[in-house]
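Where a number appears in this text, it was derived from the coordinates with a stated rule and is not lab data. These numbers were taken from a predicted model, which means no experiment stands behind them. Neighbour counts are summed over all protein chains in view; Cβ atoms, including those assigned to glycine, are modelled from backbone coordinates with ideal geometry.
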Amino acid sequence: MNKYKFRAWDLSLGKMVNWERLLIRYDLNEMFKNGFDIEYMQCTEIEDKNNVEVYEGDIVKNYTEIEQPQGLLKHTFIGKIVIERGMTYIIGRIKQEYNGEVIIEHHRVLAFSPEIFEVIGNIYENSELLEIE
C-alpha cells in the first residue's frame with residue numbers, strides 16, 4: 001500500500017487527473033525527473049470539519065460571528081494549504097469586521113486546525129476564492 005496519497009493537476013489539460021492512472025501509465029521516477037506538466041498535491045491525511053480530505057493546494061475557510069454587547073464581530077480567514085518540511089500550515093488573509101466596519105485585514109500564516117476550517121476549493125480550479133469580500 002502506498003504510504004503517501006496524492007492528486008495531480010495537469011497544466012496542459014487544465015484539469016485534475018487521476019493519480020492512480022498516472023502511476024499505471026508512467027514510471028514514478030520518470031514523472032518526477034522529466035518534469036511532466038503536472039502539479040502534485042500531497043494529502044495531509046487530515047480531514048476538515050466536514051470530514052473532507054485536505055490536500056496541499058486546497059483553499060480553506062473559517063467564518064465566525066460573535067455577538068458582543070456593542071455589536072456583531074465577524075471574523076473571516078481564507079487561505080491555501082501548504083506542506084513544507086513535514087509541516088502543514090495555511091497562508092492566507094484575515095478580515096475582521098465590527099458592526100459592518102473593517103477593523104483588521106492582513107496576511108497571516110496559521111497552524112492548521114482542521115476542526116474549525118472547511119475546504120472550499122483548490123488553487124487551480126478556484127483561485128478566485130482566495131479573495132475575501
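For the condition of a type outside the set (Ser, Thr, Tyr) and either surrounded by 17 or more Cβ atoms within 10 Å (Cβ to Cβ) or in a strand (DSSP E or B) (or both), ILE24 does not qualify. Summed over segment 4-20, residues that are surrounded by 11 or more Cβ atoms within 10 Å (Cβ to Cβ) and at positive phi total 0. In segment 75-111, the residue that is farthest from ASN62 (Cα to Cα) out of those that are part of a loop (DSSP other than H, G, I, E, B), of a type outside the set (Lys, Arg) and out of contact with any strand residue (DSSP E or B) (no Cβ under 7 Å at 6 or more places or on another chain) is GLY86.
The criterion of being free of Cβ contacts under 8 Å to residues at least 60 places away in the same chain, of a type in the set (S, T, N, Q) and over 20 Å from HIS106 (Cα atoms) holds for ASN51.
Answer yes if at least one residue in segment 46-64 is of a type in the set (D, E, K, R) and loosely packed, with under 13 Cβ neighbours inside 10 Å, and no otherwise. No, segment 46-64 contains no residue that is of a type in the set (D, E, K, R) and loosely packed, with under 13 Cβ neighbours inside 10 Å.
For GLU125, the conditions (1) over 18 Å from GLU65 (Cβ atoms); (2) acidic (Asp, Glu); (3) not in a loop (DSSP other than H, G, I, E, B) are fulfilled apart from (3). Quick check on segment 68-76. Is at least one of its residues of a type in the set (S, T, N, Q), surrounded by 16 or more Cβ atoms within 10 Å (Cβ to Cβ) and in contact with a Lys or Arg (Cβ under 7 Å, 6 or more places away or on another chain)? Yes: segment 68-76 contains one or more residues that are of a type in the set (S, T, N, Q), surrounded by 16 or more Cβ atoms within 10 Å (Cβ to Cβ) and in contact with a Lys or Arg (Cβ under 7 Å, 6 or more places away or on another chain). For segment 36-45, filtering for residues that are part of a loop (DSSP other than H, G, I, E, B) and either crowded, with 17+ Cβ neighbours inside 10 Å or of a type in the set (A, V, I, L, M, F, W, C) (or both) leaves 1. Annotation note: Cβ proximity below 8 Å between a residue of segment 6-29 that is touching a residue at least 40 places away in the same chain (Cβ under 8 Å) and a residue that is charged (D, E, K, R) and surrounded by 14 or more Cβ atoms within 10 Å (Cβ to Cβ) (sequence gap 6+ or interchain) occurs for TRP9/GLU39; MET16/ARG7; MET16/ASP10; MET16/GLU125.
Only one residue in TYR63, TYR40 is among the aromatic types (Phe, Trp, Tyr) and under 28 Å from TRP19 (Cβ atoms). Which one? Matching residue, one of TYR63, TYR40: TYR40.
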